[in-house]
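Structure first, then comments.
Bear in mind these aren't lab numbers, they're just calculated from the coordinates by the rules spelled out. Note that this is a predicted model, so its numbers are computed, not measured. Here the Cβ positions follow ideal geometry from the backbone for every residue, glycine too, while neighbour counts run over all protein chains shown.
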Amino acid sequence: MSKSLLITGGAGFIGSAVVRHLIHNTDYRVVNLDRLTYAGNLDSVAEVSNSSRYAFEQVDIRDRRELDRVFREHRPAGVMHLAAESHVDRSIEGPADFIDTNIVGTYTLLEASRAYWNELEGQSKADFRFHHISTDEVYGSLGETGLFTEETPYAPNSPYSASKAASDHLVRAWHHTYGLPVVTSNCSNNYGPYQFPEKLIPHMILNAMDGKPLPIYGDGSNIRDWLYVDDHVRALVRIFERGRLGENYNVGGHNERTNLEVVTTLCGLLDELVPESTHRPHDALITYVKDRPGHDQRYAIDATKIEKDLAWVPEETFETGLRKTVQWYLDNPDWVSRVRSGDYRDWIETNYGRRGTAK
């Protein structure tokens, strides 16, 4: 029988990409555990939801009793922990959810995983691992030069990144104190299909398609290293299966771009791909707005370790990945419409209820 993996946050952007990849490209049985908050969208895993190797559990990672039940019933061979509150702007406006989910939730999941792991025997215990997926934002901000490495000291600057840094430290402590077999990865900015429209790239694509303003913080000079989500997923599976226990791996796309460059590039793609648009040239929609508090200037990942130790390299350049992303949003108006209208939430509440009880 194939092994089961527990994927937390499997209805989110990166989590759903992990779920789709595992069902399409491996023989793992996948248990998708997600609370289905506003960004949890089961439409993103609809194409694999009928697989005999897929199961869904609407569970909050802060609910220890339910986590224990899931471990007991599904007997996973490992955990890939992606469930998190992840939007910097929302963390500034309301940090409490980030502290609660990212810190308390991770603690609760670690304890449930430790209890389950302690009950395993033989090869099942030896093979179990807990993979914690985090962000490069825990390292703070870079100057004009330099790269984040696995040895870069943590210096988070937003409530979101501080909560993720705290969760990273908890995972490390559970390994060193209790022996829980863990690996951790910190990634650069992801983009690609199925990303919730609050994030920069889908927000700009959809606004441009509608002829709405494209708001850019400050002067648009903030730099991020962009990673196509399917490249990230391949890295995550490689780390889970081959990473050394107790180690951290940085995952980056070698694609540093200013925010202004990102937006002007996608505007050019829309000009090309939608020549009939009445909003061409789309870069005429760009506007500049007041910068957000504590906006980190530059992130950039040194991915030498994962490339050397685990033989992973990204397959997409920023140009090829962004073209695929823009085309996906153009080709999937139904998914976009259901997200923007909130219809996907109505379906969730009809089938699963507001508090997580399946009907």
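For this structure, a couple of remarks:
- Karplus 3J(HN,Hα) series, Hz, for the range 25-37 with 6.51 cos²θ - 1.76 cosθ + 1.60 (x for Gly, Pro): 10, 9, 10, 4, 8, 10, 10, 8, 10, 8, 6, 6, 6
- Stokes-Einstein D for the range 124-209, Kirkwood Rh over Cα pairs, 10 °C, 1.306 mPa s (µm²/s): 105 µm²/s
- For the range 135-259, the fraction of C-alpha pairs farther apart than 16 angstrom is 69 percent.
- Hz values of 3J(HN,Hα) by residue in the range 192-209 - Karplus curve (6.51, -1.76, 1.60), Gly and Pro given as x: x, x, 6, 7, 5, x, 6, 7, 3, 5, x, 4, 5, 4, 5, 4, 4, 4
- Rg and Dmax of the range 28-144, based on Cα coordinates, read 16.0, 51 Å.
- Each of D283, D34, D296, D291 was scored by other Cβ atoms within 10 Å of its Cβ. Arranged with the fewest first, they read D291, D283, D296, D34.
- q = 0.12 Å⁻¹: log10 I(q)/I(0) that the Debye formula gives for the range 1-54, counting C-alpha atoms only: -0.22
- Hits among aspartates and glutamates - C-alpha to C-alpha of K324 under 14 Å, sequence gap 8 or more where chains match: D230, D231, E272, E315, E316
- Local electrostatic count at G146 - Lys and Arg +1, Asp and Glu -1, tallied over other residues with Cβ under 11 Å: -1
- Within the chain, helix-based [θ] at 222 nm, where runs of 4 or more DSSP H residues each add -39,500 (n - 2.57), nearest 500: -13000 deg cm²/dmol
- 5 angstrom amide H check on E247, placed H, neighbours 5+ away: T184
- Anisotropy class assigned to the range 4-352 is prolate, per the alpha carbon gyration tensor with a/c at or over the 1.5 cut-off and a/b larger than b/c.
- Ranking of K164, K290 by count of other Cβ atoms within 10 Å, fewest first: K290, K164
- Partners for K125 among lysines (Cα-Cα distance below 22 Å; same-chain residues under 8 apart left out): K3
- Dividing the mean sequence gap of close Cα pairs (under 8 Å, 6+ apart) by how many residues the range 4-352 holds gives a relative contact order of 17 percent.
- Residues whose amide H falls under 5 Å from that of G12, counting only those 5 or more places apart or on a different chain, are N41, with hydrogens built in the peptide plane.
- Gyration tensor over alpha-carbon atoms, the range 223-338, equivalent ellipsoid semi-axes in Å: 32, 19, 12
- The residues T101, T37, when put in order of fewest to most other Cβ atoms within 10 Å, stand as T37, T101.
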